[in-house]
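The block underneath contains the structure these notes are about, expressed in structure tokens.
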Amino acid sequence: MNREAAIKLFWRDKCTLIVRDKVVDPITHITNFSEKIVAEEIPCKLSFSSLSSAGEGNTAAVSQSVKLFLSNEIEVPAGSKIVVTKRGKEYLFQRSGLPGIFLYHQELLLEAWKGWA
């Protein structure tokens, strides 16, 4: 088994990539937008880690870092909605930055989905 196949053995989650697509009504010529699935059932791994830092006074601020691991052959369009299914539960995200591209995979930092811009 090669390294790429070994890494992907740990990817038990699935993700769907959705973009906002322009649709022009042929009668009214009004442009509306609809969601369009560009890829689905993509094997991936969703990773959560909590980070705490010193806050003001006696409180600590806790934040969560969310990272998605997937094949570097998959292009995640900027501004796309990412739906990840992990252990039967769906999570909605958006990409927060450029992917880290590695030899066998890519890593994306994600933010909670806030809606279409």
Straight distance only, please: which lysines reach the Cα of LYS22 with their own Cα at less than 19 Å, same-chain residues fewer than 8 apart left out?
LYS36, LYS81
Lys and Arg at +1, Asp and Glu at -1: neighbours of TRP11 with Cβ under 14 Å from its Cβ sum to +3
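Taking only DSSP H segments of four or more residues, each worth -39500 (n - 2.57), what value at 222 nm results for the chain once the sum is divided by all its residues, to the nearest 500 deg cm²/dmol? Walk me through the numbers before you get to the answer.
On the way: 1 runs with 6 residues, N = 117.
Per the formula, -1000 deg cm²/dmol.
Report the FRET efficiency, 1/(1 + (r/R0)^6), for ALA6 and ALA117, where r is their Cβ-Cβ distance and R0 is 41 Å, rounded to 0.05. Walk me through the intermediate numbers first.
Values: r = 38 Å, r/R0 = 0.93.
Once rounded, the FRET efficiency stands at 0.60.
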Tell me, what ³J(HN,Hα) does each residue in segment 20-31 have, in order and in whole Hz, if you take phi through Karplus 6.51 cos²θ - 1.76 cosθ + 1.60 with θ = phi - 60° and put x for Gly and Pro?
8, 10, 6, 10, 9, 5, x, 8, 8, 6, 8, 8
Anchor LYS8: lysines whose Cα lies under 18 Å away (excluding residues fewer than 8 positions away in-chain):
LYS45, LYS67, LYS86
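Shape verdict for segment 64-108, please, from the Cα gyration tensor: rounded (a/c under 1.5), prolate (a/b greater than b/c) or oblate.
prolate
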Three-way shape label, the chain, alpha-carbon gyration tensor, a/c 1.5:
oblate
Keeping all protein chains in place, calculate the accessible area per residue for the chain (probe 1.4 angstrom), answer in Å².
70
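Counting only protein heavy atoms and a 1.4 Å probe, tell me what percentage of the chain's accessible area is made up of carbon and sulfur. Mind showing how you got there, number by number?
Working: 4330 of 8150 Å².
Here it works out to 53 percent.
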What is the set of long-range amide H partners of LYS86 at a cut-off below 5 Å, with H atoms built 1.01 Å from backbone N?
TYR91
For segment 5-16, just list the computed ³J(HN,Hα) in residue order, Karplus coefficients 6.51, -1.76 and 1.60, θ = phi - 60°, integers in Hz, with x standing in for Gly and Pro.
5, 5, 4, 6, 4, 8, 8, 9, 8, 10, 10, 10
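The values are calculated or read from the model by the stated rules, or taken from the named source; none is laboratory data. Please read all numbers here as calculations on a predicted model, not as lab measurements. Cβ: placed from backbone, ideal geometry, glycine included. Neighbour counts: every protein chain shown. Side chains included, ligands, DNA and RNA excluded: accessible areas come from the protein's heavy atoms. Shrake-Rupley method; radii C 1.70, N 1.55, O 1.52, S 1.80 Å.
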